[in-house]
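**Q** The structure's right below; bear with me while I get my questions together.
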Amino acid sequence: MTTWQDDVRGALDGLAYGARSALSPRVLHGAAVEIGWLTTHLAMYPLGLVGGSGAPAQRLTLAGLTPAQRSLLVSDVRAAGTPILLAHGIIDNHTIFALMRRQLHRRGFSSIHTFSYSPLTLDVRRTAERMGQEIEAICAASGSDKIHVIGHSLGGLIARYYAQRLGGDERVHTCVTLGTPHQGTMAARLLPWPLVKQVRPDSDLMAELAEPAPDCRTRFVAFYSDVDQLIVPQRRARIRHPDLVASNVRVRGVGHLSLPFHGEVVHQITAALAHLDEAEAPDRTA
């Protein structure tokens, strides 16, 4: 059992790690971009408090579609019709996916939904159970037996827990995570909040996710940034599990909040979801 002195020591170690590279040109550039996106996101954030942004099931036709949308629908109607669920991070809402949602629509994906949870949430496991209930409802309404989940930060961990530990791999074809603390983060030692404690490297949740999962069929794609301010060290946003079908994509010079807005990241996500059965390299750079 750790003591508060251990927590403080771990937090200071994490801060020292971040400080060693804080003045590099790449980090400074990433910080400038992050500030720009943060300003935009803060302006949009209140819109996410007004109402949800779930998408009703739509009939797939070619009428009024752009060439890109028509191409996906004609070449792979199954990919175009597979629902997509977007899950935001802690203390956030669905507006973080505004650009990604628009690009997914432009690419031809017709059924896009969002999963929201309160910042007062105390447990990843219970939130993952609620995500599972929402996924079942989406699949029932759309008639699809599969769904993709894209999760930013903690949203990715909730999605992974559902797929890996709650039998959600029967529903989740692909789980894409952006800046998710798959191996925990030293930065979580800075706050005693119960939910944040679960993403410490030595937490019970991290130990549970490291347990064998030989039957998990979900395809995982984890994007991680080399200048992520909240995942310390940044490599902890990679999925390292012998039983999971996972590829890790390194993104250079992009901050934590900027990942869902980054053009190349969004492009790679749409490409991955448009090709359901293609294997990917386990590690690569965006």
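**Q** I'd like the residue in the range 86-120 that is of a type in the set (D, E, K, R) and loosely packed, with under 15 Cβ neighbours inside 10 Å and, out of all such residues, is modelled with the lowest pLDDT.
**A** The qualifying residue modelled with the lowest pLDDT is R106.
**Q** Do we find a residue being crowded, with 23+ Cβ neighbours inside 10 Å, on the phi < 0 side of the Ramachandran plot and of a type in the set (D, E, K, R) anywhere in the range 233-253?
**A** No, that holds for no residue.
**Q** Being under 26 Å from G255 (Cα atoms) and aliphatic (A, V, I, L, M) is the filter here, so list the residues in the range 129-171 that pass it.
**A** Result: V149, I150, L154, L157, I158, A159.
**Q** For M186, which of the numbered conditions (1) free of Cβ contacts under 8 Å to residues at least 60 places away in the same chain; (2) closer than 25 Å to L120 by Cβ fails to hold?
**A** Here M186 clears every test but (1).
**Q** Within the range 121-172, track down each residue that is crowded, with 22+ Cβ neighbours inside 10 Å and either on the phi > 0 side of the Ramachandran plot or free of Cβ contacts under 8 Å to residues at least 12 places away in the same chain (or both).
**A** Within the range 121-172, S153 is the sole residue that qualifies.
**Q** Would you please name the residue that is surrounded by the fewest Cβ atoms within 10 Å (Cβ to Cβ), looking only at residues in the range 175-214 that are in a strand (DSSP E or B) and of a type in the set (A, V, I, L, M)?
**A** Once the filter is applied, the top-ranked residue is V176.
**Q** Something else: Based on what the data block shows, is L257 part of a loop (DSSP other than H, G, I, E, B) and in contact (Cβ under 8 Å) with a residue 40 or more places away in the chain?
**A** yes
**Q** Looking at the range 216-247, which of its residues are over 24 Å from L273 (Cα atoms) and aliphatic (A, V, I, L, M)?
**A** V227, L230, I231, V232
**Q** Ok, one more. Of the residues that sit in the range 154-193 and are in contact with a His (Cβ under 7 Å, 6 or more places away or on another chain) and among the small types (G, A, S), which one is farthest from S258 (Cα to Cα)?
**A** G155
**Q** Next question, about the same structure. Among (1) within 26 Å of H275 (Cβ to Cβ); (2) assigned to a helix (DSSP H, G or I), which single condition is H113 missing?
**A** Going through (1) within 26 Å of H275 (Cβ to Cβ); (2) assigned to a helix (DSSP H, G or I) one by one, H113 breaks only (2).
The values are calculated or read from the model by the stated rules, or taken from the named source; none is laboratory data. Please read all numbers here as calculations on a predicted model, not as lab measurements. Cβ coordinates were reconstructed from backbone atoms using ideal geometry, including for glycine residues, and neighbour counts include every protein chain displayed.
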